[in-house]
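Report on the structure given below.
Throughout, read-outs are computed from the coordinates displayed, never taken from laboratory work. Fair warning: this is a prediction, and the values are worked out from it, not measured in the lab. Positions of Cβ are generated from backbone atoms using ideal geometry, with glycine treated the same way; all protein chains shown enter the neighbour counts.
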Amino acid sequence: ENKSDFPEAKPERWITEEQGAAIQDFVKAGNGFYAFHNCSDISLGSKNYRDVMGGAYNGHPPLRPFRVRVSANKHPITEGIQEFTVDDEQHYVKYDKDPKYVILEAENIDGLDFNGLGTKSISGWAYDYGQGRVVFTAVGHTIHALWNPQYVEVQKRSIKWLLKQL
């Protein structure tokens, strides 16, 4: 078997500014947009998309356990949600909006600093955008993390909030 027959995998920025503008228009018109996990990487390819989504991917350590807890900001999505631990990629993101919209925070439990960014990262936010709404949650590389009962509840509430049913 000759592995040299296969090209090296490399990421490719695929989104256009026109596609990002279409997402902007969709949300501004009153619709909901739920971005999770690696959707933050798309922001690196489109200013329009990033403006809607609210931030951009900034790297992650290898899969390892980390805690996710509700921020001090009150929100119907996170009301009563208990701290939970997942074994997942702890995504670090550059967040562009007002800190009052941050709803989740993560902290790796081994206390290791990631690339000088510390042990803690923003793990979710929710805000109005035009007539619509946006939610981002960073957990989501592994199915086990997606199925954590507290995180399932966050996902369900996020959808209800985006649909203006919560």
Original post:
Once fully extended, how much extra length lies between L112 and D98, figured as 0.36 nm per residue of separation less the alpha-carbon to alpha-carbon distance?
Top reply: 2.3 nm
Subject >> Extension gain, V152 back to Q165 (0.36 nm per residue minus Cα-Cα distance, nm) >> reply: 3.0 nm
Original post:
Which of rounded, prolate, oblate describes segment 45-166, given a ≥ b ≥ c as roots of the alpha-carbon gyration tensor eigenvalues and a/c under 1.5 marking rounded, otherwise prolate only if a/b is larger than b/c?
Top reply: oblate
**OP:** Counting only C-alpha contacts under 8 Å and six or more residues apart, can you give the relative contact order of segment 67-166 as a whole percent?
**Re:** 31 percent
Subject >> Among L162, N148, N108 - extreme Cα towards positive end, dipole of segment 98-166, charges at beta-carbon >> reply: L162
**OP:** Report, for segment 1-160, the % of DSSP beta bridges that are antiparallel, rounded to 5.
**Re:** 85 percent
Original post:
Tell me, in nm to one decimal, what length is gained between D87 and F26 on full extension, where the rule is 0.36 nm per residue of separation less the Cα-Cα distance?
Top reply: 18.6 nm
Original post:
Once the principal axes of the Cα atoms of segment 1-90 are found, what is the range along each, listed largest first in whole angstroms?
Top reply: 55, 38, 18
**OP:** Starting from the Cα coordinates of segment 110-156, work out the convex hull volume and express it per residue in Å³.
**Re:** 116 Å³
Original post:
Given Cα pairs under 8 Å that are at least 6 residues apart, what percent is the relative contact order of segment 16-128?
Top reply: 23 percent
Original post:
For the chain, what is the mean residue ellipticity at 222 nm derived from helices alone (per DSSP H run of n ≥ 4: -39500 (n - 2.57); sum divided by total residues; nearest 500 deg cm²/dmol)?
Top reply: -6500 deg cm²/dmol
Original post:
Not counting the cut sites, what is the longest span of the chain without GluC sites (Glu not before Pro) that DSSP labels loop and that have at most 13 other Cβ atoms within 10 Å?
Top reply: 84-166
**OP:** Please return the longest stretch of the chain lacking exposed loop sites, where trypsin sites (Lys or Arg not before Pro) count only if DSSP places them in a loop and at most 13 other Cβ atoms lie within 10 Å.
**Re:** 75-163
**OP:** Output the pairs from K10/K156; K10/K120; K74/K120; K47/K160 with a Cα-Cα distance over 23 Å in this structure; if there are none, say none.
**Re:** K10/K156; K10/K120; K47/K160
Subject >> Alpha-carbon centroids, segment 6-65 and segment 87-165: separation in whole Å >> reply: 14 Å
**OP:** Calculate the dipole size of segment 1-143 relative to its Cα centre from +1 charges on Lys and Arg beta carbons and -1 charges on Asp and Glu beta carbons; express the result in debye to the nearest 20.
**Re:** 440 debye
